[in-house]
Amino acid sequence: MATFLYKVGRLAFRRRHFVALIWVALLTLAGVGAASAPAAGSTSFSIPGTEAQKAFDLLDQRFPGMSADGATARVVFKAPHGEKMTDAGNKATVEDTVKELSDGSEVASVADPYAAKAVSKDGTIAYASVKYEVSGMELKDASREALEDAAQDARDAGLTVEVGGDALQTTPETGATEVIGIAVAAVVLVITFGSLIAAGLPLLTALIGVGIGISTITALANALELGSTTSTLAMMIGLAVGIDYALFIVSRYRAELAEGREREEAAGRAVGTAGSAVVFAGLTVVIALVGLSVVNIPMLTKMGIAAAGTVVIAVLIALTMIPALLGYAGKKVRPAGAKSRWMGGNRAEKKAASGKAKPNMGTRWASFVVRRPIAVLLLGVIGLGAAAIPASSLELGLGDDGSQPTSTTQRRAYDLLSDGFGPGFNGPLMVVVDAKGQGDPDAVFQQVGDDIKGLKNVVTVTPAAPNKAGDTATITVIPKSKPSSVTTEDLVHSIRDKGAEVKADTDADVLVTGSTAMNIDVSQKLNDALLPYLALVVGLAFLLLIVVFRSILVPLKAALGFLLSVMAALGAVVAVFQWGWFAGLMGVEETGPVMSMMPIFMVGVVFGLAMDYEVFLVTRMREAYVHGEKPSQAVVTGFKHGARVVTAAAVIMMAVFAGFIGSSESMVKMIGFGLAIAVFFDAFVVRMAIVPAVLALLGKKAWWLPKWLDRALPNVDVEGEGLRTQGESRKDGDPDEDRALVRV
């Protein structure tokens, strides 16, 4: 691996014009494809295998034109102080609004508040239910604008009007946060390298890689039904790993220059060594993202595969375009004080030889850990364990309008409905009774309704509404509790238990659906998939790391450390977003269940990034050990060369993710905080403290591998031992040998 990538690096350095032209052409081609591709059409959202989805599918069959999974909106009206919604003037305004709403091209139906008896007991609040033919993700912007215009017209007439439901659901804008992340990354890179040119290379290549990835996703969006959330995840991950991978190779290139090697030789060695780590780190990220397909949620699968494709592009750019750009940069990326041998020697080498070289921070920290490994290990494990304690109280759910900021119309509509009709009114349950083949379907419908009325936490049960054939009916159930509460979830399970009894007695199917039931089913599906997903991803990465490090204990330690950091991060998320600790500081207006997608999403993203740091840091230790250093000294050497750049990479990653904390969307805010704190725990506690402590305690045992397994595994040579044994003579840059090396 190292020898092959060494040749690739030198070839790219030497043929820099050709390599740069290829990537520019690919970027142009992807951009043209994105610009000329048809606009992305509707993106369907389905959760195969859930009861709520089965009910939606059944409704589509038995109630043609009903659009059971179509978007909904509740336009909530509140009368001015001292007036009621039944007053003539207010009633006329509402009726005009209903008429205006009915004119929408995608509107399936609009329920008049007065005909539907949707007026509160005190007469101050009323609502009009709007049903659309397509889901909230498929709704056109024109339909959303028409909805908002109708609400504004009613406001202008003197009413307080707010709009709830998923019809106004849009993908949060993240452009500002990306700019913040890039700005922080630029500052960190300048501090790390002390050179604007060296700092600019990772940023330039990362932006090119993300540009190609996002343009390709845009070009294929219509054909593959890719939603806007797909490109959001791809951009976030692609930008972060793109900067990191380029950072590691540029840093290694500068280290090779500092040892006195010629620029082309330094580029080849940088790609051969750090580039090998980039390949395997990228593979772990790809495994984690593609592994999201085991959840069997189509949207999540597409997001993972698209993001994985962007990571592959980031790896290829780091291996080829970085050495090409280094060829253009000339001597401008040389570290301060380093000189080529033809310029009179290496100042750093002279200082080292004279004993005047001052150990860097990484060396001093690693030396401290090696001297006190038990204390550092206990402190790290106990600290992460304490942070993970809140995770034992983890409650999962999907956000609703009640979790929105109070500044949004959705949240204000939610609060008005709660005040006028009770908190459970925001999360009605739809019970679908399939009595096809029954002798007396009406009796079955009546039995189901009576059974539900006898359950706790039920406010209202509407009479059964059968279809034209009379074999299927819907029953609406209004709970007492709010949609995201555990009590409402218990009610859903209780109705399903009653349905099982009906099935046993009459062979009729009773299914519970609606947005609240769908959220509960999605949460359960994600929760059930977490352990299989974790086993798959960690298992595959464990095997991959065995090949990389040729060790059993090092990959095992890497996996266990990752579990510690993820549990600690989940604990922090629970403490802030569920318990409300530091909620004001984080801008959390409403505490509640943790988003059900958060644990599996965090596992997927953070695992890949954690293995990045593990590979980049420990390969330098392995390299030093293979080259003859004692295990404890190899740990110090690894930190001497890798700690600074891993620290910079982690800070950049944290900045990219932390920028999302400022979002007004609670889901985005939670993801940003969770990923940022997870990277902090994993990079600075696990990789920088626990890992060197464990390696210091294990000594040579850390690198033990059964002989039979050692013979069976392929020799990927990530450490570049092959370069060391056969390439010392190339330090002088022999032209004939160089030309032979680039024949690939």
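FYI, it's all coordinate maths here, none of it is from the lab. Computed from a predicted structure; not experimentally measured. When we count neighbours, we look across all protein chains shown, and the Cβ atoms used for this are built from the backbone with ideal geometry, even at glycine.
Taking the Cβ of VAL295 as the center, what net charge do the other residues with Cβ under 10 Å away carry, scoring Lys and Arg +1 and Asp and Glu -1? So the surrounding residues net to 0.
Please report the net charge: other residues with Cβ closer than 10 Å to the Cβ of THR284, K and R +1, D and E -1.
-2
In this rough spin-label picture, where each label sits 7 Å from Cα along the Cβ direction, the LYS468-TRP704 distance is 7.6 nm. Under the criterion of Cα pairs below 8 Å and six or more residues apart, the relative contact order for the chain equals 19 percent. Calculated FRET efficiency, ALA111 to ASP528, Cβ-Cβ distance, R0 = 56 Å: about 0.95 to the nearest 0.05.
Percent relative contact order of the stretch 106-150, based on C-alpha pairs within less than 8 angstrom and at least six residues apart? Walk me through the numbers before you get to the answer.
Details: 38 pairs, mean separation 18.4, N = 45.
Across the stretch 106-150, relative contact order equals 41 percent.
Working from Cα pairs under 8 Å separated by at least six residues, relative contact order for the stretch 72-168 is 44 percent. If the segment from ASP103 to ASP122 were pulled out straight at 0.36 nm per residue, it would be longer than the present Cα-Cα gap by 3.8 nm. Over the chain, dividing the summed -39,500 (n - 2.57) contributions of all DSSP H runs of at least 4 residues by the number of residues returns a 222 nm mean residue ellipticity of -21000 deg cm²/dmol. Site pair VAL459 and GLU259 shows an inter-label distance of 7.1 nm when each label is modelled 7 Å from Cα along Cα→Cβ.
Can you tell me which of 504-515, 602-613, 283-294 comes out highest on packing, and rank the rest after it, using the mean Cβ neighbours within 10 Å?
Result, highest mean Cβ count within 10 Å first: 602-613, 283-294, 504-515.
Quick one: helix 263-290 against the long Cα principal axis of the chain, what's the angle to the nearest 10°, folded into 0 to 90? Here the helix axis deviates by roughly 30 degrees.
Of LYS498, LYS99, the sequence from fewest to most neighbouring Cβ atoms within 10 angstrom is LYS99, LYS498. For every other residue with a beta carbon closer than 12 angstrom to the beta carbon of LEU417, add +1 if it is Lys or Arg and -1 if Asp or Glu, then tell me the sum. Taking every Cβ under 12 Å from that of LEU417, the sum is 0. In this structure, HIS81 and PHE582 have a Cβ-Cβ separation that, at R0 = 45 Å, corresponds to a calculated FRET efficiency of about 0.75.
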